[in-house]
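The values are calculated or read from the model by the stated rules, or taken from the named source; none is laboratory data. Worth saying up front: this structure is predicted, and the values here are computed from it rather than measured. Every residue, glycine as well, gets a Cβ built from its backbone with ideal geometry; the counts of neighbours run over all protein chains shown.
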Ligand SMILES: NC(=O)c1ccc[n+]([C@@H]2O[C@H](COP(=O)([O-])OP(=O)(O)OC[C@H]3O[C@@H](n4cnc5c(N)ncnc54)[C@H](OP(=O)(O)O)[C@@H]3O)[C@@H](O)[C@H]2O)c1
């Protein structure tokens, strides 16, 4: 019996991915800080679908947390064949105003936890007949983000990491994909200290369900880069052909307008 492990599964895109994977009959290991939310999701899923769902509460921004998740899975003899590094956090504000602790939180969760989870689980994934790693980046992976400088850089880092790792693992049983959503209707925007998306910008927001569906299908089809939705595909295309200074200044003006 094998499992799909999803970090940040208690809400948003991670929760929708858990539901999508469950519909495809995958057994699940769901990780996030909030055990009550994970328990609610387990009940919701197992009410209708006969799969095994294991829960683990962890703050992945804490030193050593990824190792603890891996050791727990090993002790429980849970064999993971799909690793979904989804948990992420954003902090809005100019670099000089953000406290160092908040800066570190973004890097610890969005970068270090992704690297550490992949480090610990990869040897076991390589022993599976077929295995997948899905890393959740962003359209910010392609565009520097003033006022969210660390968020954008963290997503650029993990996109680059996912492509390099994919290349290293090309001749193995493990495929690596990066899901790069644009604005998606979840709690992350307000938690970051930004205004809810409204007006014309709201037209570009996707639902977490459709982003999750694209991500899981893309992962199973071994796609390198998964950009859900037409406007996000256009954004990524424009990022390739627009001069970086112009692109960054305009992204900054848009970001600034979203501050509370
Ligand atoms: N929403 C968007 O517009 C958007 C766009 C592009 C990319 N993304 C990316 O998509 C991913 C999911 O974001 P989302 O929008 O679904 O956000 P969300 O609704 O805020 O969900 C974030 C998830 O991560 C978990 N999490 C947060 N901090 C954690 C920590 N320290 N340790 C363990 N788990 C933690 C949260 O659960 P707990 O609070 O229970 O720990 C939650 O399950 C992120 O990587 C984000 O960067 C989002």
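Results, tabulated for the structure shown:
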read-out: Test: residue in region 56-63 that is part of a helix (DSSP H, G or I) and either modelled with pLDDT of 95 or more or under 21 Å from residue 225 (Cα atoms) (or both); value: no
read-out: Single unsatisfied condition, residue 72 versus (1) surrounded by fewer than 18 Cβ atoms within 10 Å (Cβ to Cβ); (2) touching a residue at least 24 places away in the same chain (Cβ under 8 Å); value: (2)
read-out: Subset of region 161-190 [outside any loop (DSSP other than H, G, I, E, B), without any contact (Cβ under 8 Å) to a residue 12 or more places away in the chain and more than 17 Å from residue 91 (Cα to Cα)]; value: 164, 167, 168
read-out: Residue in region 187-220 that is farthest from residue 87 (Cα to Cα), counting only those that are modelled with pLDDT of 95 or more and near the ligand (Cβ under 10 Å from one of its atoms); value: 206
read-out: Boolean, residue 223 is outside any helix (DSSP H, G or I), away from the ligand (no atom under 13 Å from the Cβ), surrounded by fewer than 17 Cβ atoms within 10 Å (Cβ to Cβ) and free of Cβ contacts under 8 Å to residues at least 60 places away in the same chain; value: no
read-out: Options 55, 83, 41, 28: the member that is more than 18 Å from residue 118 (Cα to Cα) and more than 10 Å from the ligand (Cβ to nearest atom); value: 55
read-out: Condition met for residue 154 (part of a helix (DSSP H, G or I), at pLDDT below 95, within 23 Å of residue 107 (Cα to Cα) and within 14 Å of the ligand (Cβ to nearest atom)); value: no
read-out: Selection count, region 96-150, where residues are under 15 Å from the mean Cα position of the chain (by Cα) and in a strand (DSSP E or B); value: 5
read-out: Count of region 127-147 residues which are surrounded by 20 or more Cβ atoms within 10 Å (Cβ to Cβ) and more than 10 Å from the ligand (Cβ to nearest atom); value: 8
